[in-house]
Amino acid sequence: MFEAIAFYLFAFLTTLMFFITVTTSQALHALTALAAGMIFISAFFFILGADFLGAIQIVVYSGAVMALYAFGMMFFDTTREVKEKAGNKYIVSGLSIVAAILVVLIFAAPMVTDNITALYPMTEGVGNTQDVGMVLFTKYLIPFEVAAVMLLVAMISGIVLAGKKMDLSLTLFSTAEIKDMKKDKEKRVLS
Amino acid sequence: MMEIGLNHYLVLSTILFAIGLIGVMRRKNLLLLFFATEILLNSVNIAFAAISHYYGDLTGQMFAFFVIAIAASEVAVGLGLLIVWHKRHNNIDLEHMSTMRG
């Protein structure tokens, strides 16, 4: 009973928040609604008994990702109204809904047809966080390390792309400037 | 009706995924397009957690963790590229990025 009430309440709130995110013309409203939706999604994880995932959701999304977006928005001109693509609304909505249903069917079809068994079943009498830790650091150790390397790469690329010495960065130059630089280099080599 | 099963969560995941796809298709501002992709990733996370719960299997939660890690790194790289683009062209609309059109 309580679970049902919580599910429907949070389902309604999440859908509403994400709907605001994709329809509003104010970037700030979209950001705020997205942050609220992320927190509401963590409620589903708590209902489902995935406590650690819920905590990670709040920490990473509402903390890190939203802060990053807020920083990003300081660079952009977000006060003006966002213009939308002029297109047929019904085609867009219809295509999206069909695609979403297809994706979920791809997910669900193998589970319905053959009786899948748990690969790493949950252990009895152990909390979710401990359970996750045991599986993550034994069975998924290599993916975990690869994810760590990927985050490192992302961090370095973020620093390089948005770093302070932007005026010296190659990514900022126009093609003509880069060509000039190459010519200069060749001249130096020849002379 | 009162008993929440796996189908409820899958339907919710479908609805959120559809909302995210609508956002991806109709947004022109790249920053708001990124928001829509976050919605897509989150809707898939709900499906993963629900399947993990109803089948008593931890694999779904593991995948959800890796999806979150990928989302975080995607935001870092994407925002870096966006800032570079904005400093160079002074806007982040998709229309102005069609230089590769044949």
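The values are calculated or read from the model by the stated rules, or taken from the named source; none is laboratory data. Keep in mind that what you see is a predicted model, and the values were worked out from it rather than measured. All Cβ positions, glycine included, derive from the backbone under ideal geometry; neighbour counts span all protein chains shown.
Tabulated data for the structure shown
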read-out	value
Search result, residues across region A:27-45 that are more than 10 Å from chain B (Cβ to nearest Cβ) and either more than 15 Å from B:Glu38 (Cβ to Cβ) or in contact with a strand residue (DSSP E or B) (Cβ under 8 Å, 6 or more places away or on another chain) (or both)	A:Leu28, A:His29, A:Ala43
From B:Ile70, B:Ile46, residue being surrounded by fewer than 20 Cβ atoms within 10 Å (Cβ to Cβ), touching a Leu at 6+ places or on another chain (Cβ under 9 Å), part of a helix (DSSP H, G or I) and at pLDDT 90 or above	B:Ile70
Single unsatisfied condition, B:Tyr9 versus (1) surrounded by fewer than 20 Cβ atoms within 10 Å (Cβ to Cβ); (2) more than 7 Å from chain A (Cβ to nearest Cβ); (3) not aliphatic (A, V, I, L, M)	(1)
First in region A:89-115 and over 15 Å from B:Tyr9 (Cα atoms), second anywhere and among the charged types (D, E, K, R) and surrounded by 14 or more Cβ atoms within 10 Å (Cβ to Cβ), Cβ under 7 Å, 6 or more apart	A:Val92/B:Arg26
Those residues of region B:12-43 which are polar (S, T, N, Q) and buried (at least 20 other Cβ atoms within 10 Å of the Cβ), in sequence order	B:Ser13, B:Thr14, B:Asn29, B:Asn42, B:Ser43
In region A:23-33, residue surrounded by the most Cβ atoms within 10 Å (Cβ to Cβ) [restricted to those that are within 18 Å of A:Ser62 (Cα to Cα) and not hydroxyl-bearing (Ser, Thr, Tyr)]	A:Ala30
Residue list for region B:76-102, restricted to those being within 7 Å of chain A (Cβ to nearest Cβ), part of a helix (DSSP H, G or I) and either over 30 Å from A:Phe10 (Cα atoms) or at pLDDT 90 or above (or both)	B:Val77, B:Gly80, B:Leu81, B:Leu82, B:Ile83, B:Val84, B:His86, B:Lys87, B:Arg88
Lone qualifier among B:Leu41, B:Leu21, B:Leu31 - being closer than 22 Å to A:Leu151 by Cα, at pLDDT below 90 and under 15 Å from the mean Cα position of the chain (by Cα)	B:Leu31
Flag for A:Ala70 being more than 7 Å from every other protein chain (Cβ to nearest Cβ), more than 17 Å from B:Val67 (Cβ to Cβ) and part of a helix (DSSP H, G or I)	yes
Residues being under 15 Å from B:Leu32 (Cα atoms) and either small (Gly, Ala, Ser) or more than 9 Å from chain B (Cβ to nearest Cβ) (or both) - total across region A:1-23	2
All positions within region A:46-59 that are aliphatic (A, V, I, L, M) and either farther than 27 Å from A:Val126 by Cβ or surrounded by 18 or more Cβ atoms within 10 Å (Cβ to Cβ) (or both)	A:Ile47, A:Leu48, A:Ala50, A:Leu53, A:Ile56
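So that you can scan it fast, the table gives a plain yes or no per residue for (1) surrounded by fewer than 19 Cβ atoms within 10 Å (Cβ to Cβ); (2) modelled with pLDDT under 90:
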{"position": "A:Tyr8", "(1), (2)": "yes, no"}
{"position": "A:Leu13", "(1), (2)": "yes, no"}
{"position": "A:Phe44", "(1), (2)": "no, no"}
{"position": "A:Tyr90", "(1), (2)": "yes, yes"}
{"position": "A:Val98", "(1), (2)": "yes, yes"}
